[in-house]
1. Within segment 100-123, how many residues turn out to be open to solvent by 70 Å² or more (accessible area, probe 1.4 Å) and of a type in the set (A, V, I, L, M, F, W, C)?
2. If you go through segment 166-181 one residue at a time, do you hit one that is open to solvent by 80 Å² or more (accessible area, probe 1.4 Å), touching a Lys or Arg at 6+ places or on another chain (Cβ under 6 Å) and either farther than 22 Å from P31 by Cβ or in a loop (DSSP other than H, G, I, E, B) (or both)?
3. Which residue is most open to solvent (accessible area, probe 1.4 Å), if the candidates are limited to segment 193-230 and must be closer than 30 Å to V285 by Cα and touching a helix residue (DSSP H, G or I) at 6+ places or on another chain (Cβ under 7 Å)?
4. Residue pairs, Cβ under 8 Å, 6 or more apart or interchain, first in segment 31-53 and within 14 Å of V208 (Cα to Cα), second in a helix (DSSP H, G or I). List them.
5. Only one of these is without any contact (Cβ under 8 Å) to a residue 12 or more places away in the chain, under 30 Å from the mean Cα position of the chain (by Cα) and at positive phi: G143, G167, G191. Name it.
6. For segment 10-25, give me the residue count where each residue is open to solvent by less than 40 Å² (accessible area, probe 1.4 Å) and within 19 Å of the chain's Cα centre (by Cα).
7. For segment 106-132, enumerate the residues that are part of a strand (DSSP E or B) and among the aliphatic types (A, V, I, L, M).
8. A44 versus (1) under 27 Å from the mean Cα position of the chain (by Cα); (2) surrounded by fewer than 17 Cβ atoms within 10 Å (Cβ to Cβ); (3) closer than 25 Å to E168 by Cα: which is the lone unmet condition?
Amino acid sequence: MNTGFRTLWTISVSHDFHDGVCDALSFVVPPATQEALKAMRGIARELNGQLHVLIEEDADGHAVVDSTGRTLVFGLLPGSTLFAQYTSDLALAKGERALFTNEASVDAIGAAPRGVRIVAPRMSITPISTTRPLTLRAITAEGLPKASVTLKDTDAAWQWDAGGLTGEVLITEEDQPGHVLAQQRLFIGQGLSDCWGLLQLKVGADHVQHGHALTLSLAAREDVLRYYVLVKPANQADLDSIQVLDQGAAAAGRTPIVFTPHLPPFGAGYLTPDLLDPDHTRQVVLFEADAPLARQARGPHGIALQRLGEVVIGDLPQPGAERSDAQFVVHLSKP
């Protein structure tokens with residue numbers, strides 16, 4: 001019997017910082033997923049930043065194995081150490097990783113992940129609550145209880161061997177039956193410990209029949225642009241003439257960024273005049289954007305510094321991937 005392969009999924013990553021589909025993340029295929037793909041008669045290949053999941057079909061074009069309802073898990077690994085710095089905060093607790101799924105709609109990856117802690121099958125679970133005695137229960141994503149233990153006054157953690165259990169597990173902490181004090185979400189899996197996040201996808205019937213494209217969309221970090229201009233003005237009119245204007249908005253088809261000037265003092269969280277000009281020989285004017293701006297690998301262009309009606313700097317610097325903030329110091333010489 002002649003067989004071939006056809007697409008089940010084409011998975012892409014889109015990031016606002018890169019202005020669309022990009023290779024900011026690579027995909028990790030852990031051992032459990034490799035085994036699942038074998039059972040599905042499928043393979044996974046990454047090419048040009050996309051993950052292609054293929055399934056075997058017979059000579060009549062039918063899937064050799066109907067994988068409808070199966071779930072596959074992939075790790076997400078940043079290509080740059082700066083990835084987290086230019087990516088929007090996902091509001092996860094310390095130590096948690098992002099778990100993206102297509103639970104809400106099998107045909108789309110949800111934009112809001114939930115936080116999980118990636119662990120190996122043998123793990124140490126330190127409870128959030130200090131109450132003792134304290135009962136810890138492990139419950140699968142399907143709501144099935146798998147294990148439990150009651151910690152005594154001398155017990156700091158639960159040493160649990162989950163055996164062959166993989167995937168998401170909810171750990172509840174109860175001081176009495178049914179009274180939950182706290183909970184933790186774990187994700188049990190090998191080969192995922194170094195990943196920034198996880199992608200858990202369920203196969204839909206239409207995916208098997210026709211294939212499907214899925215996109216994981218990520219937002220860029222937002223910052224308020226601040227330009228501290230240090231100058232020795234010739235007079236007050238000279239000082240008043242200094243402006244920061246967005247002259248590139250029209251050409252780019254975007255809403256202009258408006259900058260408001262401020263004189264010291266600037267308040268908490270701002271650079272101080274003493275830091276900017278320790279000798280107090282110049283005046284400092286802060287030009288601050290009226291709204292946060294999403295970081296971009298390129299642009300926005302045309303944010304210009306003017307003095308006495310003339311453009312002094314046509315493109316002021318922008319916060320790319322490498323900067324921890326969006327505060328810039330601009331030194332102006334005498335006119």
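1. Here the count works out to 3.
2. Within segment 166-181, none of the residues are open to solvent by 80 Å² or more (accessible area, probe 1.4 Å), touching a Lys or Arg at 6+ places or on another chain (Cβ under 6 Å) and either farther than 22 Å from P31 by Cβ or in a loop (DSSP other than H, G, I, E, B) (or both).
3. The extreme case among them is R221.
4. I43/L37; V53/L37
5. Unique residue meeting the criteria: G143.
6. Going through segment 10-25 one residue at a time, the tally reaches 10.
7. Within segment 106-132, A108, V116, I118, V119, M123, I125 meet the criteria.
8. It is condition (2) that A44 fails.
The values are calculated or read from the model by the stated rules, or taken from the named source; none is laboratory data. Since the model is a prediction, treat every value here as computed from it, not as a measurement. All Cβ positions, glycine included, derive from the backbone under ideal geometry; neighbour counts span all protein chains shown. Remember, those area values only see protein heavy atoms, side chains included, never the ligands or the DNA or RNA. Shrake-Rupley method; radii C 1.70, N 1.55, O 1.52, S 1.80 Å.
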